[in-house]
Each structure stands twice: as structure tokens, then as C-alpha cells.
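Visitor: Below is the structure I would like to discuss, written out as C-alpha cells.
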Amino acid sequence: MTSLLPPAQKNWWAVPVGRQEIIWIAIALVWCLIMFFMMPLWHMYGNQNIPTEAYKVTPAKYQAKVNEMIEKYKVREETAMKIPVVAPPDGADVYLLARLWQWYPMLELKKDVTYRLHLNSIDWNHGFSLQPVNINIQVVPGYEMVLNITPNKAGEYTIVCNEYCGIMHHAMLGKIWVKE
Amino acid sequence: MAQFRQCPDTGLFFHKEAENLMKANAVAGVVCLLIGGILALLVVLTRWPAIHLLPADSFYMVLTAHGVCALIFWMIFFEMAILYFAGSTLLRSRLATPRWAWAGFVMMVIGAVMTLAAIFGGKSSVMMTSYVPMRAEPHFYLGLVIFAVGALIGCFVYLGTLVVAKNEKTYEGSVPLVTFGATVACIIAIFTIASGAEILIPTYLWSIGYISHIDPAMYRLIWWAMGHSSQQINVAAHVAVWYLIAGVIFGARPMSEKVSRAAYLLYIFFLQLASAHHLLTDPGLSVEWKLFNTSYAMYLAVLASMIHGLTVPGAIEVAQRKKGLTNGAFEWLRKAPWGNPVFSSMFISLVGFGFLGGISGVVMGTEQISIIIHNTIYVPGHFHATVVIGTTMAWMGLTYLLIPVLFRRKMIFPQAAKMQPYIFALGMSMVAVFHMAAGTLGVARRHWDMGFAGNPLGFEYPATAYLLMGIAGVGGVIGVIGGALFCIIAVGSLVFGEKLQKEAGLLQSFGVPLADSAYTNEKPARLPMAPAEAVEADHGESGFEAPGTFILAMVLLVSFVIYYFINWKYLSEVWGIS
Ligand code: HEM
Ligand SMILES: [Cu+2]
Ligand SMILES: [Cu+2]
């Protein structure tokens, strides 16, 4: 039962390591380094990277920005709750607000156009989970995150909330339409 | 005067006070697993779309309780038993300050009961992560703090025991590898509990109104310094259990003490970086910070696990070959004692942890790939592979080992015990794999209704997602049956198992000391060093002593590489984000 006993040599650290282990450690280390460098490489050459741009913001201020945008660019309303749908101009700042239990407002975007999407929650943590593309971003109250997004396919998209946010978490949905 | 008994079957020495503490902690752990398992059944039947068992409010309550009970209480109670075993029994030393250890145990019990009472009170369905500003009742946090302090006391008792053993010269040379691993787990635990205190104490004060505001982003950062590091405790401890079981069953010795110990040290050096995994899609964190931290400084902790992944089965292979099982690459493995639940649990734990849990964990912890996985049900899929197939199954194997040795009872239902690891592993692998698959289709975790019934906005996941969740549900039921079987065998053996020693009565099974007659006042002989001759022989000319293991390791690597790049491919297809 030797793994339960003190090492056979007092100077166990001086015992040479078998060739097999050395080879495996070398292979594993190379793989670890490849995995590590994939990440900065993707920052340089890949198209999906979480940006670091973020601002501290109060709920009232953020709400004001959202309202201002809705006033300017609202095109219609949806559902019995009359949720506004906003069609912002190309490249515009788009403010999306998460609150219990709604994504507000709805958006109408254009394919292959880049927008500055702002995300913030005015109450608890929420999870921006865009389906069916499956893009998932944490939304933390008090922090306004800015993502440059470029929809690459037209269609109707749903924002699911995938951070638990209380009893109606599962009912928290939003919509984004992408037009050709 | 410290009293000891020697197990006539294994030769292990048990210090009377330590023995009772091990029993009490292990039994408390199994009780928590039992509760966690019952809750798991309710959770998994609710997430099975065709059954959708619980209403929403109970689902979120039960899910909170399942996470807390299984992940925190079961794991940590059992880890306390392992620490006392590795410190006292393996070193043939008396346990330092048993009274403190009991105080710690009592605090853990009180804390656990308090937190569960808060959850089942219905106003603390905040999930185990309890992200502020969502608020639980104050005693939810207070219970966790008390539990953690109790565990901290246990850690210090363990360290004290190491000092006692050293001073009283109970062993020759350096501590055994298993004890070394347990020490690593203990050190990580102390760091973890400190982080936990740093975040949970202020949160408690906030919940009773003494502090007005806790920054939600800061909370996530520090909470995960605890939450992820505690998984590192589990890994360090279950790797120690792998080495332990390999040693007991095969007489395996580490292929290289130096390599295994160095790998353990990597866990300590890089553990505190882990919290980043959970924050990869959070606002405002710098890229450099995320890259360095999520990869534990260039994946050096992953490297450590890959090393153990070779050296543990490698040690078994070397020991088996020495017994003459030298045909081909895999005779040693084919002829392993697959009918012995101690071994089968341990080996499934090793393979499942590596192939399912390890690979998926590294992939999803890649900074950008997190975008397509964060908070989907892929995440529970991953960690049921690590913490259930990996850690829980290692603990189960150890329990089977300890029933006769520590509790002095013969195991009941030996035929069922043979099957149990396979049933449990089958069910939990299905949960892990099919949750992961459903996650790639975007199904959310911690979510009561993937159908969004009655919602005016409406959304349908693809039909495949429903199918996958259904299969995961079937797997979950099989897993619960396997888990129940384990609890029945473990607890049943303590109550009804044939006594291997007349003193081992019913109460004795649950922490009451054996009668004095079982012990002597004689100090155990000093723990000798491992026999030296064994060492020279193995490093044969080629130094390639475990070829079968090497092949397995290469299979792991190839699967890893393929799966890793498949995920980059998926990522490249989603909307541009910059
Ligand atoms: C006995 C079989 C088990 C089954 C069938 C099972 C099933 C599940 C399911 C379906 C979920 C919910 C996923 C979601 O909706 O987000 C879950 C969550 C979880 N399980 Fe298990 N589980 C089992 C055992 C365990 C064990 C033994 C552990 C820990 C060692 C564990 C730890 C967790 C944790 C930490 C969560 C997450 C809770 C949260 O999101 O806050 N489970 N489990
Ligand atoms: Cu939400
Ligand atoms: Cu939510």
C-alpha cells in the first residue's frame, strides 16, 4: 500500500522521473500553451469577443437613455402590453434594459450592420441569452456594458433570461428582429 | 492517553477520538447526499418537459436546496472525514484537539440545518449563488457562515494533527502522497473559506440592514473566489482518494513521488485565479485579467490534472504488470477487479472526470467560447460530470472501503453493491451528456419552463432540445436509483451489516465510541517508509512502464483537441461581437 506510506527514498525529489511521464507532461504542456494562445489569437483574428467597454450607471439614468431612444426611433408596438419596437439607424447606440421580468424595448435591426448594443439591468442580475443563435451575456445591475454586435442572418430572435431572477424568471422574454 | 485500535484486515490504526469524528462526519455527509438526491429527483422530473412535476415556486426552492445540500454539505462533511483519516489514520497519529473538532462538527450541523430551514421556509429561493441584490432571509447566510467556520476549525485540527505527528515522530521520512494531497485540499479550503467569509459576512449584515449596498459585480467576483476554489478542494481531495484506493487495492505506488507532488503544488499556486471562469461574459473586466485567470496562468492547473490523469492509472498498471498481467496493452485493465465497487467507483470517477468533466470544463472556461455556453444547461451538464461522476463517485468508493475498516461492519447486499457504481454512472453520464447537448441548443439553466407556456412573446426551442431534456430526465431517474442504492447499502450496512467485531453496535455506527475493550493504550509502531526495492525495478530500460495508460492518455488528448476546435467552429458562426 505504498501510496499510503512515506516515499521509499528520503530524498524522493532527487529520484529521476520516468521517460513516459516526461513525454506526457511535455505533450500536455504544449497543448495547454496552444489553448492559452488561442484566446489572444481570437482577439486578433476572431469576430466574437466580449469587449471591456462598460460604465457605472444608475437605474434612473439608464432608464432615461432608453426612453429617449424609444421616443426617437419607435416604429410600432407589440402584444397587448404595447411594448415599443425600436428601429435604430445604422451604427446607432441601442439601449436594452433588463428588469423583472422583461427585456425592454424590442428591437428591429438590419443584417450585416454593426450596432452599439448597451445592456444593463435596473434591478437584479439577468442573463441575455439570444436564441436561436445562442449568444449569452451576463447582465449585472449598475454596469452598462457596450457590445458592438453585427447580426449575420435575418429572422426573428428571442432574448431568453438565463440568469435566475426570481419567481417569474422563466417568463422573461424579449424580441429582436433582423431584416435583410 | 491516546487510545488506538488496529484494523485486523488492513493493518490501519484508528485513534479512538478521530475514528468517531470520521464516522460522524461521513454519516452526516451521506444524510446530506440522501436529502440532495431526493431533491434531485424532484428537480430532474420538473426539467423533464413531458412531466414538469413541480410548480415554479417549489421548483426554485427545491433547486436551491439541491445545490446547497449536495454541493456544499455533502461534499464538505465528507471531506472532513477524509482529512481526519489522512491526518490521523494514515499517519498513525492521535488527532490534535478532538474537542475542537467536535465543536466544528456541531457548528457545521447547526449551520446546515439553519440554511436548509431558511430555504424550506420559502423566502430564500436565491440559488446557492445568492447573487445580490436578490435577498434571502438572514439566516440563510448566517447558516452558511456558521457551517464554514465549523469547517475551518476542522481544517486547523487537521493541520494541528500534522504537527503532532511530526513532533511525536509517528512516521518516517515525508508524509505519504495521500496525506500530501489531503494537505493541499486543506490549504485550498482555508483560502476558500476566507473568501467565503469575505463575501457572506457582509451579505449577512446587508440582509439585516447594517450595510446598505453591496456591489453586484464585486459580489460575483468574490463569491466565485469561494465557489470555484471549493471545486478545487474537491479535485485535490478526490485525486488523493484515487491514489488511496489504487494503493489499497493494487498496492500501487506513485510512478514518481516528485511528479505527483509537484502537480499538487500547481493546484495551490493557481487556485485563487479560478473565479474568472464564471465572469467571462461579465461587464467591465479587462481582457488580460480574464485570459490569465480563466486559464489559471496558461492552464497550469489543467496540466496538473492531466498529470494525475496519467499517473493514477499508470500506477495501477505498473502494479498489475508486476503481478504478471503483462499481455498486450490492456490485460492489466481487463483483469482489474471490476466487481469490487471500491475499484469500479474509483475508476469510473477517474475516467468520467477526465473525459466528460475535464474536457467540457476547459472548453467552456475558454474566454470567448463562454459566449455560447454561459448559463445554459450545458453548465450543470459539465459539473454533474465533475462533481458527481468525479468527486461523488470517488467518495462512494471510499465509503465502500471504509464500511468494514472504519465501521467494522460487513457490507449488506454485495450483489447490489457490485452493480451500484454502474447504474449511478450510467444515469449521471446521461444527465451530463444530454444536459450539455441541450445547452448547445440554448436551453437555459435554472429555468422552470423551457416551453414558455402562455407567454405572449412565445418562443420554441427546437424539438431536439425537448428530446434531449427528456433523455436527461430518464438518466436522472436512473442516477437517483443508483444514488438511492448507495445510501441504502451504506446506511443499511451500518445498521444491519454483520458485525466484524463484537463492539461495533448500532450506536457505534453513528459516532459513539466502540467499547474500551476494542482499544489499547499502546502507541502504534512508527509508520515505515515504502519498501525501496520496488522502486528500482520499475524504471525498466525504456522507462515506458505503463504503455496502456499512455494510449488512454492519448485518446483523451485527441478527444480533447477535436472537441475544443469544434467549439471554436460553433462560436465562429454566431453574430459578430466586439
Ligand atoms: C442524484 C442524481 C442527481 C441528479 C439527477 C441531479 C440533477 C440535477 C438537475 C436536473 C439540476 C438542475 C439544472 C438546472 O435546471 O439548472 C441540478 C442542479 C445542480 N446539481 Fe444536481 N443532480 C444530482 C446529483 C447531484 C450531486 C451529487 C451534486 C453535488 C455533489 C449536485 C450538484 C448540483 C448543483 C450544484 C446544481 C446547481 C444548482 C444551481 O443552479 O444553483 N447534483 N442537478
Ligand atoms: Cu431575468
Ligand atoms: Cu432570469
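Visitor: Tell me the accessible surface of A:I70 in square angstrom (1.4 angstrom probe, heavy atoms of protein chains only), to the nearest ten.
Guide: Spelled out: A:I70, probe radius 1.4 Å, area about 20 Å².
Visitor: Based on the Cβ-Cβ distance from B:M419 to B:A50, what FRET efficiency comes out when R0 is 35 Å, to the nearest 0.05?
Guide: In this case the efficiency is close to 0.80.
Visitor: Mind jotting down the distance between the C-alpha centroids of the stretch B:290-337 and the stretch B:118-187, whole Å?
Guide: Taking the Cα centre of each part, the stretch B:118-187 and the stretch B:290-337 sit 28 Å apart.
Visitor: Using alpha carbons only, how many degrees (0 to 90, rounded to 10) separate the axis of helix B:341-352 from the longest principal axis of chain B?
Guide: Between the helix axis and the principal axis of chain B, the angle is about 40 degrees.
Visitor: In sequence order, what are the phi-derived ³J(HN,Hα) couplings for the stretch B:218-225 according to the Karplus relation 6.51 cos²θ - 1.76 cosθ + 1.60 with θ = phi - 60°, rounded to whole Hz, with x for glycine and proline?
Guide: Values, residue by residue: 4, 4, 4, 4, 6, 4, 6, 4 Hz.
Visitor: For the stretch A:20-33, in order, what is each residue's ³J(HN,Hα) by Karplus, 6.51 cos²θ - 1.76 cosθ + 1.60 with θ = phi - 60°, in whole Hz (x at glycine and Pro)?
Guide: 4, 5, 4, 4, 4, 4, 5, 4, 4, 5, 4, 4, 4, 5
Visitor: Okay, moving on. What does the charge count around B:L280 come to, taking other residues whose C-beta lies under 11 Å from its C-beta (Lys +1, Arg +1, Asp -1, Glu -1)?
Guide: Charge balance in the 11 Å sphere: -1.
Visitor: Among all the aspartates and glutamates, which ones have a C-alpha under 14 Å from A:K65's C-alpha, if same-chain residues fewer than 8 places away are not counted?
Guide: By straight Cα distance, A:K65 reaches A:D93, A:E144.
Visitor: Then there's this: Is the shape of the stretch A:54-179 best called rounded, prolate or oblate, per the rule: a/c under 1.5 gives rounded, else a/b larger than b/c gives prolate, else oblate, with a ≥ b ≥ c the square roots of the Cα gyration tensor eigenvalues?
Guide: Because its axes are fairly even, with a/c under 1.5, the stretch A:54-179 counts as rounded.
Visitor: Here is a further query. Per residue, what volume in Å³ does the convex hull of the Cα atoms of the protein assembly as shown enclose?
Guide: Convex hull of Cα atoms, per residue: 147 Å³.
Visitor: Here's another thing I want to ask about it. Take chain A, connect every pair of alpha-carbon atoms lying under 10 Å apart with a spring to form a Gaussian network, then pick out the residue of A:Q20, A:Q138, A:Q102 with the largest mean-square fluctuation.
Guide: A:Q20
Visitor: Over the stretch A:54-179, what is the relative contact order in whole percent, taking alpha-carbon pairs under 8 Å and six or more residues apart?
Guide: The normalised contact order for the stretch A:54-179 reaches 26 percent.
Visitor: Still on this model: Go ahead and set up a Gaussian network model of chain A, Cα springs under 10 Å, then flag whichever of A:T79, A:T114, A:T58 fluctuates most.
Guide: A:T79
Visitor: Label the stretch B:461-578 by shape, choosing from rounded, prolate and oblate, from the square roots a ≥ b ≥ c of the eigenvalues of the Cα gyration tensor; if a/c is under 1.5 it is rounded, and otherwise prolate applies when a/b is larger than b/c, oblate when it is not.
Guide: Cα axes put the stretch B:461-578 in the oblate bin.
Visitor: While we're on this one: Once every DSSP H run of n ≥ 4 in the protein assembly as shown is given -39500 (n - 2.57) and the sum is divided by its residues, what mean residue ellipticity at 222 nm do you get, rounded to the nearest 500 deg cm²/dmol?
Guide: The helix contribution divided over the protein assembly as shown gives -18000 deg cm²/dmol.
Visitor: For the interface of chains B and A, what total accessible area is buried with a 1.4 Å probe, rounded to the nearest 100 Å²?
Guide: The summed interface area works out to 9200 Å².
Visitor: Now a separate question. Would you mind working out the magnitude of the charge dipole of the stretch A:1-86 relative to its Cα centre, with +1 at each Lys and Arg C-beta and -1 at each Asp and Glu C-beta, to the nearest 20 Debye?
Guide: For the stretch A:1-86, the charge dipole is close to 160 debye.
Visitor: In terms of modelled amide H atoms, which long-range or inter-chain residues lie less than 5 Å from the amide H of A:L97?
Guide: Result for A:L97 returns A:Y104.
Visitor: How much of the accessible area of the protein assembly as shown, probe 1.4 Å, is carbon plus sulfur, in whole percent?
Guide: Accessible surface attributable to carbon and sulfur in the protein assembly as shown totals 68 percent.
Visitor: Leaving out same-chain residues fewer than 8 places away, which aspartates and glutamates sit with a Cα under 14 Å from that of B:K322?
Guide: Straight-distance partners of B:K322: B:E331, B:E533, B:E536, B:D538, B:E545.
Visitor: If you don't mind, there's one more thing I want to ask. Compute the angle between helix B:414-440 and the longest alpha-carbon principal axis of chain B, please, reported from 0 to 90 degrees and rounded to the nearest 10.
Guide: 30 degrees
Visitor: Please check which bits of the stretch A:148-180 a label hung off B:A453 would reach, taking the label as a point 7 Å along Cα-to-C-beta and the cut-off as backbone N under 14 Å.
Guide: Residues A:171 qualify, since their backbone N sits under 14 Å from the label point.
Visitor: In whole percent, what relative contact order does the stretch B:389-527 give with Cα contacts below 8 Å and a gap of six or more residues?
Guide: Taking the mean separation of contacting Cα pairs over the length of the stretch B:389-527, I get 37 percent.
Visitor: I would also like to ask the following. In nm, to one decimal, how far is the modelled label at B:K169 from the one at A:N67, with both set 7 Å along Cα→Cβ?
Guide: Calculated label separation equals 8.1 nm.
Visitor: A further question follows. Compute the signed sum of charges (Lys and Arg +1, Asp and Glu -1) over the other residues within less than 12 Å, Cβ to Cβ, of B:P404.
Guide: +2
The values are calculated or read from the model by the stated rules, or taken from the named source; none is laboratory data. Treat the numbers as computed from the prediction; the structure is a model and nothing was measured. Don't worry about glycine lacking a Cβ; one is built from the backbone with ideal geometry, like all the others, and counts go over all protein chains shown. These accessible areas exclude ligands, DNA and RNA; they are computed on the full protein's heavy atoms, side chains included. Shrake-Rupley method; radii C 1.70, N 1.55, O 1.52, S 1.80 Å.
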